[in-house]
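Data first, discussion second: the structure below is written as structure tokens.
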Amino acid sequence: MGGPSFDEFAGAGAIFRNKDILSPTFVPETLLFREEETRGLMGALAPVLRNQKAKNVFIYGKTGTGKTATTRSVLKKLDEQKNERIKTVYLNCRIYDTRYKVLQKCISDFQPDFAKTGHSFVVLYDKFLDWVQDGLGDGVKGKRVVFVLDEVDVVGDLDSLIYTLSRANDDLKEGSVSLIGISNKVDLKQKLEARSRSSLCEDEMVFKPYDAMQLQGILKQRAKQAFNDGVVSESAINLSAAIAAGENGDARYALALLLRAGELAEKRASKKVSDKEVEDSRRAVDEDKAFDIISTLPEHQQLLLYTLATMGNVSYKKLVEENGEQLYFSG
Ligand SMILES: Nc1ncnc2c1ncn2[C@@H]1O[C@H](COP(=O)(O)OP(=O)(O)OP(=O)(O)O)[C@@H](O)[C@H]1O
Ligand SMILES: [Mg+2]
């Protein structure tokens, strides 16, 4: 029989052992080079284990520096303590982007019987306070609640949100509410009102960009699990790390590069991921990154970008031509 044959695809699967390991949402068992940050965050949260209020923390660092991964792994460790009094709420503010939505999500997570919609903010807030104050029926009152607000800069009424959550501690007779805010926006702190700034930034942590050596370590750790033995050359890893080090030490970029390179090797029915595949994947990764950034911009900014692009700015134009349709319909 002529035409395409399945033999061409027989090699597929030879490259990856488990591709999901390279996905941006995967949190590895051990986070390399973040021991100090992990310990710092654990220190800020530790009071809840002694039934005291955790410190508020503001975590800042450029994209791909492990803020989300580190925080999630610390939350996991805290949950493993199996202390019923401690309640952690992790929220990505791209989805929960107002004070109302944040409180509503917390209430619907922990009190699913309470009707989801139609309450005024005041009703939600009172309900929330009641829940924090209530004990577990063991004679000790109050809960230790920790909100983790990832990408917190997206919240529209951020000053009100921070004010409400920190002010809750004055309204509570028992228990406490703490707040961990995460952002990669340098200017966020300056944009906050003095009052909410001092509440949120009780403790501050800065995640530094990874250097090429650290990125190599991160990639090696992940490649071992994600690829079959001997598939990825050492120099392909080093090259990916070097390129990502030039992209502000972004570990997400480094991992995306390796994933794309693996896919390219698969497509080319090659058995190895070498420098060539990494080099050839750069463009695709840059485009993915640009697309991610543009698709999460507010619509009016997307339109502005489109306008600029159609005015003849060559580099923007390229983007729009290639992703033109998505530009309008995503985000
Ligand atoms: N120290 C590390 N060890 C292993 N993997 C890491 C480490 N730091 C980051 N990563 C991986 O890199 C990717 C990006 O990390 P993460 O999502 O935590 O970045 P971030 O600082 O939250 O970035 P952003 O500001 O864009 O949200 C994830 O896949 C994460 O698992
Ligand atoms: Mg993050």
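The numbers here are math on the coordinates, done by the rules we state, and not lab data. As the structure is a computational prediction, the values presented were derived from the model and not from experiment. Backbone-built Cβ (ideal geometry, glycine too); neighbour counts: all protein chains shown.
Please compute the net charge surrounding Phe128, taking Lys and Arg as +1 and Asp and Glu as -1 over other residues with Cβ under 15 Å from its Cβ. Display every interim value, and only then the final one.
Details: positive: Lys87, Arg99, Lys101, Lys105, Lys116, Lys127, Lys143, Arg144, Arg167, Lys173; negative: Asp109, Asp113, Asp126, Asp130, Asp134, Asp170, Asp171, Glu174.
In short, +2.
For the range 74-137 and the range 152-222, write down the distance between their C-alpha centroids in whole Å.
So the separation of the two Cα centres works out to 18 Å.
Give me the net charge for the shell around Asn92: Cβ to Cβ below 10 angstrom, other residues only, Lys and Arg +1, Asp and Glu -1. Walk me through the numbers on the way to the answer.
Numbers: positive: Arg94; negative: Asp97, Asp150, Glu151.
Net of charged neighbours comes to -2.
Please state the charge dipole magnitude for the range 35-207, taken about the Cα centre, from unit charges on C-beta atoms (+1 on K and R, -1 on D and E), reported in debye and rounded to the nearest 20.
Details: 28 positive and 26 negative charges, 27 e Å.
So the magnitude is around 120 debye.
Starting with the highest mean, order 162-173, 49-60 by the number of other Cβ atoms within 10 Å, averaged over the residues of each peptide. Working shown, then result.
Numbers: 162-173: 16.9, 49-60: 18.6.
Packing proxy ranking, top to bottom: 49-60, 162-173.
With each pseudo-label sitting 7 Å past Cα toward Cβ, what's the Lys141-Glu80 distance in nm, one decimal?
Spacing of the two 7 Å Cα→Cβ label points: 3.5 nm.
If Rh is defined by the Kirkwood formula over all Cα pairs and Rg also comes from Cα, what ratio Rg/Rh do you get for the range 194-280? Display every interim value, and only then the final one.
Values: Rg = 16.9 Å, Rh = 14.1 Å.
Rg divided by Rh gives 1.20.
Which FRET efficiency, nearest 0.05, do Asp20 and Phe114 yield, Cβ-Cβ r, R0 56 Å?
Values: r = 35 Å, r/R0 = 0.63.
The value I calculate is 0.95.
Gain in length, Ser235 to Ala46, computed as 0.36 nm per residue apart minus the alpha-carbon separation, to one decimal in nm? Can you show the working numbers first?
Working: separation 189, 0.36 × 189 = 68.04 nm, distance 4.19 nm.
Net length gain for the segment: 63.8 nm.
Is it possible to state the helix-based mean residue ellipticity at 222 nm for the chain, with each DSSP H run of 4+ residues giving -39500 (n - 2.57), the sum divided by total residues, to the nearest 500 deg cm²/dmol? What is it?
Working: 13 runs with 168 residues, N = 331.
The per-residue figure over the chain is -16000 deg cm²/dmol.
With 26 Å as the cut-off, how large is the P(r) tail for the range 35-207, expressed as percent of Cα-Cα pairs? Present the calculation step by step, with values, prior to reporting the outcome.
On the way: 3588 of 14878 pairs.
It works out to 24 percent of all Cα pairs.
Ranked highest first by the average count of other Cβ atoms within 10 Å around their residues, in what order do 175-181, 190-196, 152-158, 15-21 fall?
Details: 175-181: 24.4, 190-196: 13.6, 152-158: 19.0, 15-21: 16.4.
Descending packing order for the listed peptides: 175-181, 152-158, 15-21, 190-196.
Tell me, what ³J(HN,Hα) does each residue in the range 91-107 have, in order and in whole Hz, if you take phi through Karplus 6.51 cos²θ - 1.76 cosθ + 1.60 with θ = phi - 60° and put x for Gly and Pro?
My calculation for the range 91-107 gives 10, 8, 6, 5, 9, 9, 9, 9, 4, 4, 5, 5, 5, 4, 5, 4, 5 Hz in order.
Regarding the chain, what whole-number volume in Å³ per residue does the convex hull of its Cα atoms give? Intermediate values should be presented prior to the final figure.
On the way: hull volume 63.7 nm³, N = 331.
Here the figure is 192 Å³ per residue.
Which angle between 0 and 90 degrees, to the nearest 10, do you get for helix 158-171 versus the longest principal axis of the chain when only C-alpha atoms count?
Helix 158-171 sits roughly 40 degrees off the main axis of the chain.
Using 0.36 nm per residue, how much length does the chain from Asp153 to Val27 gain when fully extended, once their Cα-Cα distance is taken away?
Between Asp153 and Val27, full extension yields an extra 43.1 nm.
How would Leu257, Leu264, Leu22 line up from fewest to most surrounding beta-carbon atoms within 10 angstrom?
Values: Leu257 29, Leu264 19, Leu22 22.
By the 10 Å Cβ count, ascending: Leu264, Leu22, Leu257.
In sequence order, what are the phi-derived ³J(HN,Hα) couplings for the range 69-80 according to the Karplus relation 6.51 cos²θ - 1.76 cosθ + 1.60 with θ = phi - 60°, rounded to whole Hz, with x for glycine and proline?
In residue order, the calculated couplings are 4, 5, 5, 5, 6, 5, 4, 4, 4, 5, 4, 5 Hz.
Report the net charge of residues surrounding Leu215, where surrounding means a beta-carbon distance below 12 angstrom and charges are Lys +1, Arg +1, Asp -1, Glu -1. Can you show the working numbers first?
Working: positive: Lys220, Arg222, Arg252; negative: Asp211, Glu247, Asp250.
Here the count lands on 0.
By how many degrees, 0 to 90 and rounded to 10, does the Cα axis of helix 234-246 deviate from the longest principal axis of the chain?
Taking Cα atoms only, the helix is inclined about 50 degrees.
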